[in-house]
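Student: Right, I'll just put the structure down here and ask away after.
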Amino acid sequence: MESAFGSDFFSGNRERLRQLFTGTAPIVITANGLMQKGGDEAYPFRQDSCFWYLTGVTEPDVVLVMDKGREYLIVPKRAAIIETFDGAIDTTEMAYRSGVRDVLPEKEGWKLLEGRLGKVQHVATLAASPAHLDVYGMYTNPARRTLIERIKKANADIELLDLRQHLARMRMLKQPAELVVLQQAIDMTIDTIKETMRPARLSKYAFEYEIEAEITRGFRRRGAEGHAFTPIVAGGKNACTIHHIKNDSRLTSDELLILDVGAMYQQYAADISRTYALHDRPSRRQEQIYEAVCEAQDYAYSLLKPGVILNEYEKEMESFIGEKLRELGLIKTITRETVRESGLFPHRVSHFLGIEAHDAGNYDEPLKPGVVLVAEPGIYIRDEGIGVRVEDDVLITEDGCSILSSKLPRQL
């Protein structure tokens, strides 16, 4: 498959980073490393999004150095057994794809970099996350921490300058090539959902995993690399677990089902949710909740435009959905505790979309034309076994917003 991104895209991103970072310190950024799955098997590799954005390189453990007018990649030495089983790194292709002409072996590259680090007071890099993110209950890739340790070993007194906000600001605004690929990922997702969830087929699914399998097949058949994130197929009460990913429960005809999926195409993610009735006639209660969620999404569309600050917008959406919860008889007073912390509406309406389904961006910075995000209100009533979520992908335009996933019908 021919890439939509040439070396000019990655070279341009590096130049934009230089312009945002006005200092003279060397910029040193690492790829992700492989993570052990078990024994001698690694988890499927996922490149650090910022590293890919600057280089297009999909190999682990490569280091990018941008120092004054020079830039080079440092490629790790691979054991002979790894090259036998997994293949050798094609440094010629790496240079061609990234636009970085100098691709150096590990020993030579680090000798050059360490010589420079010993002479400077600062180095710019991406700060490492803690080894464990308690809020998500997961461990993080150690590549950034390992890089920082090696930098400090070369110069214990060197000060680190964090580039994360610069990269987040850059990735918020999508370039034309990114919008083309995003739309392709979205269209693949829409076509697959339409095919999978046709009324004639819907009654034939007995388990959530059967729908997941059809979605996977549809994505790959249409040219996607696979899922942009672990798919969510949640029937009945499972829909009240926002990230239900087991997808192993039996489906029953009186339930609603949330489908939250997205194709990944050329590194970019779609993210679309729909709620379906698994029978011809949903109950009046199910219809009421669904209508309330759709009204909330329409209200989100009316707010999303240049100049809006997402953290302030979320407060407006919280109030609007709170009013819908009161109309549904679920709460009496609208407070953060009754709306959010009760679990009836626990997540954001909007998050950024791009290389990741939850992409980098600043929620306190005004939206600008070219930002892509989602609008995904939801209501989850665990006591009634009903969860409803509707999610579409949205581009901020000069005078408002455009719904990139509008070709997928929204009706229950």
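Student: Quick one: count up the residues across the stretch 335-352 that are within 18 Å of Gln183 (Cα to Cα) and in contact with a Lys or Arg (Cβ under 9 Å, 6 or more places away or on another chain).
Tutor: 1
Student: Sticking with this structure for a sec: So which of Thr252, Thr275, Thr230 is in a strand (DSSP E or B), assigned by TED's automatic domain parsing to the domain that holds Ile381 and hydroxyl-bearing (Ser, Thr, Tyr)?
Tutor: Going through Thr252, Thr275, Thr230 in turn, the sole match is Thr275.
Student: Let me ask another. Tell me, yes or no, whether the stretch 247-257 has at least one residue that is free of Cβ contacts under 8 Å to residues at least 60 places away in the same chain and within 29 Å of Ser49 (Cβ to Cβ).
Tutor: Yes; the residues of the stretch 247-257 include at least one that is free of Cβ contacts under 8 Å to residues at least 60 places away in the same chain and within 29 Å of Ser49 (Cβ to Cβ).
Student: Same structure, new question: Please enumerate the residues belonging to the stretch 230-257 that are under 19 Å from the mean Cα position of the chain (by Cα) and buried (at least 18 other Cβ atoms within 10 Å of the Cβ).
Tutor: Hits for the stretch 230-257 are Pro231, Ile232, Val233, His244.
Student: Would you mind stating whether Leu373 is in contact with a strand residue (DSSP E or B) (Cβ under 7 Å, 6 or more places away or on another chain) and assigned to a loop (DSSP other than H, G, I, E, B)?
Tutor: Spelling it out, it is not the case that Leu373 is in contact with a strand residue (DSSP E or B) (Cβ under 7 Å, 6 or more places away or on another chain) and assigned to a loop (DSSP other than H, G, I, E, B).
Student: Restricting to the stretch 178-208, and then to whatever is surrounded by fewer than 17 Cβ atoms within 10 Å (Cβ to Cβ) and among the aliphatic types (A, V, I, L, M), can you tell me which residue is modelled with the lowest pLDDT?
Tutor: Selected residue: Ala200.
Student: With the condition kept exactly as written, say whether any residue in the stretch 204-217 is more than 26 Å from Ser402 (Cβ to Cβ) and of a type in the set (S, T, N, Q).
Tutor: Scanning the stretch 204-217 turns up at least one residue that is more than 26 Å from Ser402 (Cβ to Cβ) and of a type in the set (S, T, N, Q).
Student: Answer with yes or no whether Arg336 is without any contact (Cβ under 8 Å) to a residue 12 or more places away in the chain, assigned by TED's automatic domain parsing to the domain that holds Glu365 and not polar (S, T, N, Q).
Tutor: So Arg336 does not fit the description; no.
Student: Ok, one more. Just wondering, is there one or more residues in the stretch 279-289 that are under 21 Å from the mean Cα position of the chain (by Cα), in the same structural domain as Glu384 (by TED's automatic domain parsing) and of a type outside the set (A, V, I, L, M)?
Tutor: Looking through the stretch 279-289, none of the residues is under 21 Å from the mean Cα position of the chain (by Cα), in the same structural domain as Glu384 (by TED's automatic domain parsing) and of a type outside the set (A, V, I, L, M).
Student: Just give me the residues in the stretch 13-26 being under 23 Å from the mean Cα position of the chain (by Cα) and farther than 16 Å from Arg101 by Cβ, in sequence order.
Tutor: Passing the criteria: Asn13, Arg16, Leu17.
Student: Tell me which of these Ser273 doesn't satisfy, since it passes every other one: (1) modelled with pLDDT of 95 or more; (2) polar (S, T, N, Q); (3) over 21 Å from Glu356 (Cβ atoms).
Tutor: (3)
The values are calculated or read from the model by the stated rules, or taken from the named source; none is laboratory data. Because the structure is predicted, anything quoted here is derived from the model rather than measured. Backbone-built Cβ (ideal geometry, glycine too); neighbour counts: all protein chains shown.
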